[in-house]
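These notes concern the structure reproduced below.
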Amino acid sequence: MVDCKPTDTPKQVNHCLKFEEGVNLADKERYQRLVGKLIYLSHARPNITYVIGVISQFIHQPQEDHMEAAMRIV
């Protein structure tokens, strides 16, 4: 996260997250911890609530694309 750059939006425009067959899975426990922390953060930052709701739909079987979306919120 040292070389990260700020963005204006927490989600890419017109980026549809979905389950895909044959795609590498992300670290499930790391993803769940990150989403849990983002949910807690959403109480202070209501502008990210919608995007957190979208990524939390994939909490049981996160893929690398979902992890990238969660890291973009951070």
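The values are calculated or read from the model by the stated rules, or taken from the named source; none is laboratory data. All values derive from a computational prediction rather than experimental measurement. Positions of Cβ are backbone-derived with ideal geometry, glycine not excepted, and every protein chain shown enters the neighbour counts.
Computed values, structure above
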read-out: Leading residue by the ranking (surrounded by the fewest Cβ atoms within 10 Å (Cβ to Cβ)) among those in the stretch 27-58 that are within 19 Å of T7 (Cα to Cα) and of a type in the set (S, T, N, Q); value: N47
read-out: First in the stretch 7-27 and modelled with pLDDT under 80, second anywhere and surrounded by 11 or more Cβ atoms within 10 Å (Cβ to Cβ), Cβ under 6 Å, 6 or more apart; value: P10/I48; P10/V51; P10/I73; K11/V51
